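Working notes for the structure below.
The values are calculated or read from the model by the stated rules, or taken from the named source; none is laboratory data. Since the structure is predicted, the reported quantities are computational estimates derived from the model, not experimental observations. Note: ideal-geometry Cβ built from the backbone for every residue, glycine included; neighbour counts use all protein chains shown.
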Amino acid sequence: MNRTKEIAETPKSAVVEAAGESQPVLQPPADIWEDADGITVLADMPGVSKDRLNIQVDKDTLSIEGEAQIDMPEGMKPLYADVRATRYRRRFALSSELETDSIEASLKDGVLRLRISKRAELKPRKIEVQAG
């Protein structure tokens, strides 16, 4: 990120407590970049469908949570599975320079794309010079 520091990752936790028991939670890898109009976040969340995805903004915190659904063919049991956790959770701190009321989100092929615009008064703008 450049000087404006629109988004900063909050402290991570590999395991969360839920209803008195520990559940492993995956932190989706994320790519974040900035342009003159705002920031874009791409988060890898394979197996998560739109109805199992929850995105919230609370003051200056962006929360992304999702539950992956891994379907097994009927009558089959897994002998081995690398995937132990099916819950994703990641939180980011947002700068006050961002317009959190107009976040755009899309999910395609297991990749969540969020677009967060900068507030209009903070965007760079060109000043037209009048002759005469």
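Return the residue satisfying two criteria in turn: it lies in region 96-108 and is modelled with pLDDT of 90 or more and under 15 Å from the mean Cα position of the chain (by Cα), and of such residues it is surrounded by the fewest Cβ atoms within 10 Å (Cβ to Cβ). The selected residue is Lys108.
Considered as a group, the residues in region 109-126 that are closer than 19 Å to Pro46 by Cα and either touching a strand residue (DSSP E or B) at 6+ places or on another chain (Cβ under 8 Å) or not acidic (Asp, Glu) (or both) include one that is modelled with the lowest pLDDT, and that residue is Gly110.
When region 29-67 is limited to residues that are touching a Lys or Arg at 6+ places or on another chain (Cβ under 7 Å) and not in a strand (DSSP E or B), the one that is nearest to Ala105 (Cα to Cα) turns out to be Asp37.
Selection over region 75-95 of residues that are at pLDDT below 90 and either closer than 30 Å to Pro124 by Cβ or exposed (fewer than 10 other Cβ atoms within 10 Å of the Cβ) (or both) gives a count of 9.
Take the residues in region 34-65 that are small (Gly, Ala, Ser) and modelled with pLDDT under 95, then tell me which one is surrounded by the most Cβ atoms within 10 Å (Cβ to Cβ). Talk me through it step by step, then tell me what you get.
Step one: list which residues in region 34-65 are small (Gly, Ala, Ser), which gives 36, 38, 43, 47, 49, 63.
If we keep only those that are modelled with pLDDT under 95 as well, we get 36, 38, 47, 49.
Values: Ala36: 8, Gly38: 21, Gly47: 15, Ser49: 13.
Restricting to residues being small (Gly, Ala, Ser) and modelled with pLDDT under 95, the top hit is Gly38.
Within region 14-33, restricting attention to residues that are farther than 19 Å from Asp44 by Cβ and of a type in the set (A, V, I, L, M), the residue that is modelled with the lowest pLDDT is Val15.
The set of residues in region 97-132 that are more than 17 Å from Ile32 (Cα to Cα) and assigned to a loop (DSSP other than H, G, I, E, B) comprises Asp109, Arg119, Lys123, Pro124, Arg125, Lys126, Ile127, Glu128, Val129, Gln130, Ala131, Gly132.
The one condition from (1) surrounded by 10 or more Cβ atoms within 10 Å (Cβ to Cβ); (2) part of a strand (DSSP E or B) that Ile70 does not meet is (2).
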